[in-house]
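Structure record follows, encoded as structure tokens.
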Amino acid sequence: MKPEIHPSAVIESTVELEEGVRVGPFCVLRGPSRIGAGTVLMERVSIGPHVTIGVRNRIHMGAIIGHEPQDHSFSGGVSETVIGDGNEIREYVTIHRGTKEHSRTWIGSGTLLMAGSHVAHNCHVGDRAILANGVLLAGHVSVGAGAFLSGGVLVHQFIRIGRLALLRGGSRTSRDVPPFAIMDGTHTLRTINRVGLRRAGFSREEIAGIAAFYRKYLLSGTLDRERLASLERPSAEIGEIIDFVLESRRGICFPGRPDRNRPVAESEEEGL
């Protein structure tokens, strides 16, 4: 099946379109770039240069992928943007390519990037992650698989967001967010993402083990890295949390202060 290209689209000769690609009105595609089979570009999408996009992606109106990074150190060298398969990239999303020569910005597969979200240079967004409307990732941010960043979240450069973490709407962080956690406010650690864990197929026993570990070591306000390094690892998930904390260069989120006068909402108990 040949690509379907609207006559108003502008496509450079070094752009490779695989079978079944659809290019809508007024799109601009700069090469060298490659667009995978079955990918749909709606109207006014800008791609490239040095962009590789996998198969069956849907890229909505006004999205910009692979443009120059917003970084004074960018010198015009060849850097890349690499996007996996089956992603939904909504209206006016911006994804910038890497800053240093031969570096890249990378988006996995099965992600949802909602309208107006921004992925800066050299970011790494894992499979099935969700960036809601207006999420802003600064340069070199890493977002773990299955993480959920709610509307308007701000993430400082070089921050890591752990697997299946949830950042509540309007929150911001300049510290790492551990796997399976819920964060809100200003890098404030609240509880674990029980709903996300259940949806990812974790058993009740596995979730209980993660919750107990968080209560004892990450939510108690007495985190000791040396002690953490010496702990046994009863499960792969506990080992993942320990390694994440020990590898942190910017420090992890602070535990929230308990408010004894405020009742705990059911949504907080459930990790919503």
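The values are calculated or read from the model by the stated rules, or taken from the named source; none is laboratory data. Fair warning: this is a prediction, and the values are worked out from it, not measured in the lab. Cβ: placed from backbone, ideal geometry, glycine included. Neighbour counts: every protein chain shown.
Applying the selection to the stretch 66-78, what residues are in contact (Cβ under 8 Å) with a residue 12 or more places away in the chain and either among the β-branched types (Val, Ile, Thr) or over 13 Å from Ala120 (Cα atoms) (or both)?
Ser73, Ser75, Gly77, Val78
Among the residues of the stretch 157-177, is there at least one that is closer than 30 Å to Arg97 by Cα, among the acidic types (Asp, Glu) and either at pLDDT below 95 or in contact with a helix residue (DSSP H, G or I) (Cβ under 8 Å, 6 or more places away or on another chain) (or both)?
yes
Which ones in the stretch 118-145 are within 27 Å of Gly201 (Cβ to Cβ), outside any loop (DSSP other than H, G, I, E, B) and not aliphatic (A, V, I, L, M)?
His124, Ser142
Any idea which of (1) surrounded by fewer than 17 Cβ atoms within 10 Å (Cβ to Cβ); (2) under 19 Å from Leu246 (Cβ atoms); (3) in contact (Cβ under 8 Å) with a residue 12 or more places away in the chain; (4) among the β-branched types (Val, Ile, Thr) is the one Ile210 doesn't satisfy?
(1)
When you go through Phe26, Phe74 one by one, which is the residue that is farther than 20 Å from Gly108 by Cα, among the aromatic types (Phe, Trp, Tyr), crowded, with 17+ Cβ neighbours inside 10 Å and touching a Ser or Thr at 6+ places or on another chain (Cβ under 7 Å)?
Matching residue, one of Phe26, Phe74: Phe74.
Here's the yes/no breakdown for (1) within 13 Å of the chain's Cα centre (by Cα); (2) among the small types (Gly, Ala, Ser); (3) in a loop (DSSP other than H, G, I, E, B); (4) closer than 15 Å to His124 by Cα:
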| site | (1), (2), (3), (4) |
| --- | --- |
| Arg163 | yes, no, yes, yes |
| Gly170 | no, yes, yes, no |
| Met183 | no, no, no, no |
| Arg190 | no, no, no, no |
| Val195 | no, no, no, no |
| Arg198 | no, no, no, no |
| Gly201 | no, yes, yes, no |
